[in-house]
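Read-outs throughout are calculated quantities, based only on the coordinates presented, and are distinct from any laboratory measurement. Predicted, not measured: the structure shown is a model, and the values here were computed from it. In this analysis, Cβ positions are derived from the backbone assuming ideal geometry, glycine residues included, and neighbour counts consider all displayed protein chains.
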Amino acid sequence: MVQRVLYVDPSRGQDSQAGESASQPLKTLSEALRRSQVDTVIHLKAGLYTASSGEQFPLTIPPDCQVIGETGGDRPATILQGSGTVQNPSLGTQAVTCILLEGAALKSVTLVNTQAQGIGVWMAAGHTHLQDVVALKCGQYGGVVLGKALPTVEKSVFEGCGVAGITFLNQGKGQLEQVTCRDNGTGILVQNSASPLVQACRLEQNKTGIQITDTANPVLRSNRVTNNQTYGLHLTGQATADLGQSQAHGNNILRHNGQADINNGSRRSLLTCGNDLLPQRLEGRVELIASELPDASAVPPRLFEQPANVPAVRPPSQPPPERAQPPTPQGSVQFSDMASHWAGPFVDGLAQAGAIAGFEDGTFRPQQRVTRAEFAAFVLASFPDRPEKNPPVQFKDVSRGFWASAALSKAHATGFLTGYPNGTMRPNEPITRIQAIVAVANGLGLTGGRVDEIGIYRDRAQVPSYAVDALATATQRRLVVNYPEPLVLRPLEPMTRGEVSALIYQGRVSLGKSNALESSYVVQPDATQPLFSDLTGHWAADFIRGLADLTLVSGMSDGTFSPNTPMNRAQFAALVVKAFPLAPQREATVFSDVPPSFWGADAIQAAYRGGFMSGFPDQTFGPDNALVRVQTWVALVNGLNWEDPSVNLNPLGRFTDYTTLPRYALQATATAAEKKLILNYPDRTLLRPNQVATRADVCASVYQALVALQRVPAIRSDYSV
């Protein structure tokens, strides 16, 4: 498709003109956006673009459209000033200057939005790009990243914004690079479960440099955080940050901030390695860890580590069968301990290619960790013809008689492995998952990944900075295989024999040396991955995912949600406090079984004061007691002030078990049914009011309450009554 180019000049342009040449420009950006098609570039002449000049705010840049202004002096001379209303379930009504949709780009523009709720640029979905943008004097935020957006923001400035220069909400990721945040309430505010990469940024003269809240976990690299009024870095809730690891230095400078350079008010310890800071300027639990970083030449290429015995490679007993269709993995047919193992087909494929072998007892031991020496043997057996890139080296801790001496030397020469600054190889140390992924991608010379591809990983914040490019390439080339949850990378865990086999097999597939296998654990970067691995086909899946998108609920550490697990009273209190605005309706009280140190103490008190929940006559709350279904409905009706003494009770007669409803709950249940808060699975005619409420039951009812409040779109369900 031919790229379309439009020109806009607010001084001498006319919206009646074609706008396809600089000599006949349009007058407004709004008109240019209306005419834009896929792959349109809009050039903005220097000047002031406001509602008075004909602009209609918010200015929405459509998919794959670039808007490029002009620079005058040290800042863009193209100024977009104004705002329009945007409604959002999480933030409510906002006043926004510019919205970027998937693939949109905004460059060399100054944004000004002085409204109290003013936001300069709004990025809520997909891959967007800001470059050389200045957001000035925005009443609330210079930039907002929310939902599952994956923006790249570079060489931009956020200055004089009331709440924060830029904020990341929900599951927002993406990256900031060479961004300056100056004279804002907070320079960068990272909230909810967001985990952006922030590197080479300057944060100065803000009230707080970087603030991280809730369960957010950004990666901070090579930033300069200085001369902020209170804290350079401030953490609260259960937030943390990657400030460097033993094999990936943070390289951040945190100095000369008013009260402290780091204040960790989070419940979690903060680990830091390789940063410029003073221990006496740190508050809270901050641990300084020692570096194990190899020499500089070793870092970008590939690191590895760990031990075990690698049996000699044996030739395949028969050639690999030809397949017209990629088979679905069903376990190994060659090794007795992998009959139903997820990696069985990958292992069999390598065995048939003569790249690996099992042990003498007929097993493969897929859960055994892999060492650097073993890894060298694996990759050389699978890729024997790789050209040598590095001169030979004799490592101090690898004797000539060591079983893997030749393999380690060849793996180093071909670019799969590098040594450490002291001349060692550490052949018996374990190799982590990210190190192995980087090794295969770099050793095979693969290219072509986009950094924003790795935003799909939920634990992307744990990925060392040196590994980002190689991981993006490995993801794009489908080398990455994650079990049990495709979107959970576990980058710093040791790699097992089964996992290494899957990775190496996928490397062979990328080179055309092996046939592709169908597996739900191969990460598909261009496909929508399931949010939780155990929700496929579940009756409440859409309700649960809807709440997860709002960061109101989260899953287990293994990537599941456990929808059929009971929810207790403390967990329910925590959910309603996050989901609904709570205006105190009564004074606080003391529950004898809820000490101040209890994880849910604050949420329980807020839910009590807000009218959602009450205690028992003996002044207990029963935080660990299971919630029953009818209590969910009563709590939502009471807490949201939906009580209606005149509600018609007759419709309750359609439920065959309505007589089991407690008398106190009749009116609330009738109201809940009227508001469509009740979902009855598997039988719509059975309320089961006194049955323990599952996580799925509660999520469905809470989501329906948000629908009734017009905060989220309705979801069709066969089980809604």
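Each 10 Å bin from zero holds the following percent of Cα-Cα pairs in segment 667-721: 24, 60, 16. Screening the chain for whole DSSP H helices with an alpha carbon extent of at least 18 angstrom along the helix axis and a mean Kyte-Doolittle hydropathy of at least -0.5 yields 497-510, 695-708. The length gained on full extension between Gln14 and Tyr719, counted as 0.36 nm times the residue separation minus their Cα-Cα distance, comes to 248.2 nm.
As a rough footprinting exposure proxy, the listed residues Asp697, Asp214 were ranked by other beta carbons within 10 Å of their own, and the order from fewest upward is Asp214, Asp697.
In segment 541-708, one over the average inverse separation of all distinct C-alpha pairs is 16.4 Å, which is the Kirkwood hydrodynamic radius. Across the chain, Cα pairs under 8 Å and at least six residues apart give a relative contact order of 6 percent. For the pair Asp593 and Leu511, the difference between a 0.36 nm per residue extended length and the Cα-Cα distance amounts to 23.4 nm. The alpha-carbon of Lys410 sits under 27 angstrom from the alpha-carbons of these lysines, leaving out residues fewer than 8 places away in its chain: Lys389, Lys396, Lys513. Counting only lysines at least 8 places from Lys107 when in the same chain, those with an alpha carbon closer than 17 Å to its own are Lys45, Lys155.
Each Cα pair under 8 Å and six or more residues apart adds its separation to the average, and for segment 541-708 the resulting relative contact order is 27 percent. Modelled label positions at Phe616 and Asp385, each set 7 Å beyond Cα in the direction of Cβ, lie 7.3 nm from each other. Of the Cα atoms belonging to segment 106-189, the radius of gyration and Dmax stand at 11.1, 29 Å. Taking amide H as placed 1.01 Å from N in the peptide plane, the amide H of Glu283 sits under 5 Å from that of Ile262, Asn263, Asn264, each at least 5 places away or on another chain. Just to confirm my numbers, what's the Cα centroid distance between segment 579-606 and segment 194-260 in Å? Their Cα centres are 31 Å away from one another. P(r) for segment 51-289, from all Cα pairs and a bin width of 5 Å, is 1, 7, 15, 20, 21, 15, 10, 6, 3, 1, 0, 0 %, short bins first. Share of pairwise Cα-Cα distances greater than 39 Å in the chain is 47 percent (whole percent).
Counting 0.36 nm for each residue step from Gln238 to Asp624 and taking away their Cα separation leaves a gain of 136.9 nm. Protection proxy ranking of 714-720, 355-361, 109-115, by the mean of other Cβ atoms within 10 Å over each peptide's residues and highest first, is 109-115, 355-361, 714-720. Using the empirical formula 2.2 N^0.38 Å as the baseline, the Cα radius of gyration of segment 455-551 reaches a ratio of 1.17.
Just to verify a number: FRET efficiency for Gln394 and Thr363, C-beta to C-beta distance, R0 = 30 Å, to 0.05? The value I calculate is 0.30.
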